[in-house]
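Student: Sending over a structure as structure tokens; questions will come in a sec.
The values are calculated or read from the model by the stated rules, or taken from the named source; none is laboratory data. All values derive from a computational prediction rather than experimental measurement. So basically every Cβ, Gly included, is an ideal-geometry build from the backbone, and we count neighbours across all protein chains shown. When the accessible area is computed, the model is the full protein with side chains, heavy atoms only, and any ligands, DNA or RNA have been set aside. Shrake-Rupley method; radii C 1.70, N 1.55, O 1.52, S 1.80 Å.
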Amino acid sequence: MTLRLSAQVGVVGAGPAGLVAACVLGAAGVDVCLLEKDSRRDVEERARAGLIEHRVAEYLEGRGLADGMLADGVRHAWCDMVCEGHRLRIDYGALSGGAAHWVYPQQSLVRDLVARAAAAGSPPRFGRRVRAVTDVDDRPRLLGDGLEVVCDYVLCCDGPHSLADSLSPGTARAFRYPYDWLTALVAVDRPVEGVTYAVHADGFAGLMPRTGHRARLYLQVPCEDRAERWTPDGIRAAFRARAGAAADGLPAVGEILDVGMLRMRGMVRDRARLGRVLLAGDAAHVLTPSGAKGLNLAVADAADAARGLISWFRDGTGADLAGYARRRATEAWQVQEFADRLLTLLHLPEGAGSDPRFLLRLRRERMRHLGRPGPQGAEFAHWYAGSGRAPDPRGPVGVPARMTDRAELSGHGEGNGPHPPPFVPH
Ligand code: RFL
């Protein structure tokens, strides 16, 4: 027997994007049905990101979604770039006028948001895989096994292998970088105080803070390398060799808790909106982890979508919904460009030759520019820390329940009305 439900907004996926949207929409009185294919436990234990941008932290705090982060997170405002034995500190907090990251693990944020979504009246339904979205231009339907949800709008937050692939095939621009990153969750003997990026002739190495005695370690490896090829000793030795003398000042890497391979690719879909289906987060774009942007852009998308949907249900004009795809594409490309620029700095090009010293020295020079007060340092710091604002600077908006009957289809196009830029520098 098929369970038939209706909702104002159907959300697919209980990652950061789907959960933030469900919390904000639910708190504003919008009737949300969030479907997640995996179990609550699986979702709450997925260790991935850990650096939350300044603007995203402000947004979460402004909506009462940051209690865990404020209680257990740690602020970080500098990173180190290491090259040829030289370590250069980039004090992006000072360079950006006070913006910093919060270090708070993605799985902790997800756990907090699951609880908040339930409290806001939008508890995720776990173990419910959506197989298809139909009627995207009218009243979209989410179809799952024994389940059908009729919605006014759908928010697809289902990660990189999104249902959007079948809704709109061939509309993604993607690039495969000519290397991969080994990614390992590691134990460290003391907390990591800032991100370290090391450029080396053998390849890039990085160490990113997570809370307490945990860190995330990255190593550049050849494309399609396999995790099984790497022993814990091999990972530690490669990291030490690439970090060079700077490794002495870093927390010692102990147990390797979890190893995986990140296939390094970037992707942006041409349109983050298909009729009444909005895409948010990794469903709309995939970023390499170089600039720690994926989770942050996912929350920014969710904030923008929630604002638009709330305005649509509130007054039926959808003024804030118009332009969603354009705004999200603009920001996705800006962030992709930043992440790509950072990758270019951190990796030697293929064919660097047997003597990479010229290219390494060049990189040191670029790093110096980024760490110095001035336009280059300020621009880097602004993008790195996310010192602008999330796309909903005006605070929460209430929505009378069930206003959809009055809502009209106007405002569904991607208008060109004035909108604040995605990043508003201080
Ligand atoms: P998610 O988190 O992938 O969530 C998608 C959810 O949708 C569910 N789903 C479905 N549910 C129902 N029906 C279907 N048909 C479904 N298909 C999928 C999935 O089970 C899942 O629960 O996407 P979202 O919300 O867009 O969030 C994106 C972020 O998770 C991602 O960008 C970041 O984790 C990327 N990332 C980092 N981002 C940062 O901002 N800072 C970092 O430091 C950072 N480090 C990382 C990262 C990603 C990593 N990996 C493993 C990819 C480190 C790593 C190792």
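Student: What do you reckon, is Val24 modelled with pLDDT of 95 or more and in a loop (DSSP other than H, G, I, E, B)?
Tutor: no
Student: Just to be sure I understand the filter: pairs with C-beta atoms under 7 Å, separated by 6 or more residues or on different chains, first member in the stretch 171-183 and open to solvent by less than 50 Å² (accessible area, probe 1.4 Å), second member among the polar types (S, T, N, Q). Which pairs pass?
Tutor: Sorted first by the residue in the stretch 171-183, then by its partner, the pairs are Tyr177/Thr288; Tyr179/Gln220; Trp181/Gln220.
Student: Related question: Among Asp145, Asp137, which is without any contact (Cβ under 8 Å) to a residue 40 or more places away in the chain, in the same structural domain as Asn296 (by TED's automatic domain parsing) and either more than 19 Å from the chain's Cα centre (by Cα) or closer than 27 Å to Arg357 by Cβ (or both)?
Tutor: Only one candidate qualifies: Asp145.
Student: Can you tell which of Arg141, Arg125, Arg131, Arg89 is farther than 14 Å from Val12 by Cβ, modelled with pLDDT of 95 or more and among the charged types (D, E, K, R)?
Tutor: Arg89
Student: Looking at the stretch 110-170, what strands (runs of 3 or more DSSP E) fall wholly within it and have at least 2 residues that are farther than 16 Å from Leu274 by Cα and of a type in the set (Val, Ile, Thr)?
Tutor: Values: elements: 130-134, 141-144, 147-156.
The strands (runs of 3 or more DSSP E) meeting that bar are 147-156.
Student: Here is a further query. Here are some residues: Ala319, Ala339, Ala378. Which one is surrounded by 15 or more Cβ atoms within 10 Å (Cβ to Cβ) and not in a helix (DSSP H, G or I)? Steps first, answer last, please.
Tutor: Numbers: Ala339 fails: not in a helix (DSSP H, G or I); Ala378 fails: not in a helix (DSSP H, G or I).
Unique residue meeting the criteria: Ala319.
Student: Can you tell which of Tyr324, Tyr384 is open to solvent by less than 20 Å² (accessible area, probe 1.4 Å), touching a strand residue (DSSP E or B) at 6+ places or on another chain (Cβ under 8 Å) and under 30 Å from Gly93 (Cβ atoms)? Even if it seems obvious, please write down each step before you answer.
Tutor: Numbers: Tyr324 fails: under 30 Å from Gly93 (Cβ atoms).
On inspection, the qualifying residue turns out to be Tyr384.
Student: Still on this structure: Is it the case, given these coordinates, that Val30 is among the hydrophobic types (A, V, I, L, M, F, W, C), open to solvent by 20 Å² or more (accessible area, probe 1.4 Å) and in a loop (DSSP other than H, G, I, E, B)?
Tutor: On the way: among the hydrophobic types (A, V, I, L, M, F, W, C): yes; open to solvent by 20 Å² or more (accessible area, probe 1.4 Å): no; in a loop (DSSP other than H, G, I, E, B): yes.
The answer is no for Val30.
Student: Any idea which of Gly260, Gly249 is in the same structural domain as Val188 (by TED's automatic domain parsing) and either among the hydroxyl-bearing types (Ser, Thr, Tyr) or more than 13 Å from the ligand (Cβ to nearest atom) (or both)?
Tutor: Answer to the check: Gly249.
Student: Let me ask another. Strands (runs of 3 or more DSSP E) wholly in the stretch 209-277 with at least 1 residues that are open to solvent by 40 Å² or more (accessible area, probe 1.4 Å) and closer than 30 Å to Tyr324 by Cβ - which ones? Step through it out loud before you land on a result.
Tutor: Working: elements: 214-221, 253-262, 265-269.
The strands (runs of 3 or more DSSP E) meeting that bar are 253-262, 265-269.
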